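Data first, discussion second: the structure below is written as structure tokens.
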Amino acid sequence: MQNGLNDNEIIAEILRGNQQAYAELVKRYQNFVFTICLRYTPIREDAEEISQDIFVKAYRNLADFRGESKFSTWLYTIVNTSCISFLRKKRLDTHSLDDERVFAVADNIDGGMRANQVEQKSRHAMVNEAIKLLGPDDAKVITLFYKAEQSLEEIGRIMGMEPNTVKVKLHRARTRLKEKMEKHFTQEVRDLV
Amino acid sequence: MNSHPNIEERIWDYIDGLSSAEEKGFVEQLIATQEEWRSKYHELLDVHQLMGSSIELDAPSMRFGQNVMEEIARHQIAPATKTYINKKIIYGFAAFFITMIVGLFIYGLSQAPWTVSGNSNILSDFSLEKIQWNKFFNNTYMNIFIMVNVILGLMLLDSYLTRKKQEMHKVG
């Protein structure tokens, strides 16, 4: 029913009391939200639980969405804070962009891969595998920029940073991704270049 | 590994469309004329295009949407923050305290013995025990200040209790 409506129109509909209209927003953004959550935790059940909490939180606070930004940007801000809170609660080790241990952890994860499996991977799979080897911050910035179609300003709003800082983070994340691909998928990169 | 961070950064800006018109023209010229820039540009462009087309989104379980809808059925949309936070009240409090602080500051300055010579040691004569607190708390202004604060506190308590009462009526 809401397929032809944009996000703001659907939100207006929900605020008028049509709770079922929210299903369309969930359908539109569930994969984005779930993917970003997976960047923080490799456990799918946890990611799904956080995603569900995020959508409930977004629903409860929908009256606070003033339409000054895209709904997706507002939603990803909730994703960002919820994922960070989740990590704090779980006391998981969060890796900052500048933390070199990220690479050591990533290398250990990758250590289990068999060479012949790697060779068989398609270029698409290679990129997705390489993203999994990045730290959560790197993976999140790349996902928001390339997949969630968020500008540097919007990512800055989501992550509470200046656009210039986001630009630097994006540059570093891409450099690291390229390094990961070169290091772990050498053959594919040769085919690629 | 990354021997040309500046080149990479400038090329990434160019690819992302973040370069100024002048910078864009300059980078285009360098790509056209210098082999190092050209190869780096093609390398980064490949990575950029690959990321643009290859990053896959994971999907949650089939029941996810249903679970969310069942969960939100138990919740209500909270009223917008701006409806229950009256900015005028906040500004009122801010103005009141700023006025008080500025007033006390001016009062303090006016009471300072400006005529005392620089070599006198005022601090050595200062003692908390010597302060006559009764003198201050008998002051009319201080009494007014305390009364205003008490009234504001009672108003705040009243509005809080009224809101609680209304909420209880709604639930009931």
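Residues being exposed (fewer than 15 other Cβ atoms within 10 Å of the Cβ) and facing chain B (nearest Cβ under 9 Å): count how many of those fall in the range A:18-40.
Let us first name the residues in the range A:18-40 that are exposed (fewer than 15 other Cβ atoms within 10 Å of the Cβ), namely A:18, A:20, A:27.
Retained after the next criterion (residues that are facing chain B (nearest Cβ under 9 Å)): A:20, A:27.
The qualifying residues number 2.
When restricted to residues that are open to solvent by less than 30 Å² (accessible area, probe 1.4 Å), within 11 Å of chain B (Cβ to nearest Cβ) and not hydrophobic (A, V, I, L, M, F, W, C), the range A:41-75 contains 2. When you check B:SER19 against the structure, is it open to solvent by 40 Å² or more (accessible area, probe 1.4 Å) and among the polar types (S, T, N, Q), yes or no? Taking the combined requirement at face value, the residue does not satisfy it. Pairing residues of the range B:44-56 that are facing chain A (nearest Cβ under 7 Å) with residues that are open to solvent by 10 Å² or more (accessible area, probe 1.4 Å), at Cβ distances under 6 Å and at least 6 apart in sequence or on separate chains, gives B:ASP46/A:LEU192; B:VAL47/A:LYS178; B:MET51/A:TYR146; B:GLY52/A:TYR146; B:SER54/A:HIS124; B:ILE55/A:TYR146; B:ILE55/A:LYS147; B:GLU56/A:ASN128.
Pairs linking a residue in the range B:70-91 that is in a helix (DSSP H, G or I) to a residue that is at pLDDT 85 or above and hydroxyl-bearing (Ser, Thr, Tyr), with Cβ atoms under 8 Å and 6 or more positions apart or on different chains, are B:ILE72/A:TYR22; B:ILE72/A:TYR59. How many residues does the range B:44-78 hold that are touching an Asp or Glu at 6+ places or on another chain (Cβ under 7 Å) and surrounded by fewer than 16 Cβ atoms within 10 Å (Cβ to Cβ)? So the answer is 1.
One line per residue, one yes/no per condition, for (1) modelled with pLDDT under 85; (2) within 24 Å of A:THR165 (Cα to Cα); (3) more than 11 Å from the chain's Cα centre (by Cα):
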position: A:ARG114; (1), (2), (3): yes, no, yes
position: A:ALA130; (1), (2), (3): no, yes, yes
position: A:LEU133; (1), (2), (3): no, yes, yes
position: A:LEU144; (1), (2), (3): no, yes, no
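For the range A:133-178, a residue qualifies if it is touching a residue at least 40 places away in the same chain (Cβ under 8 Å) and of a type in the set (Lys, Arg), and the qualifying residues are A:LYS140, A:LYS147, A:ARG157, A:LYS169, A:ARG172, A:ARG176.
The values are calculated or read from the model by the stated rules, or taken from the named source; none is laboratory data. Quantities reported herein were computed from a predicted structural model and do not represent experimental measurements. Using ideal geometry, Cβ is built from the backbone for each residue, glycine included, and neighbour counts are taken over all protein chains shown. Ligands, DNA and RNA are stripped out before the accessible areas are found, and what is left, the full protein with its side chains, is counted by its heavy atoms. Shrake-Rupley method; radii C 1.70, N 1.55, O 1.52, S 1.80 Å.
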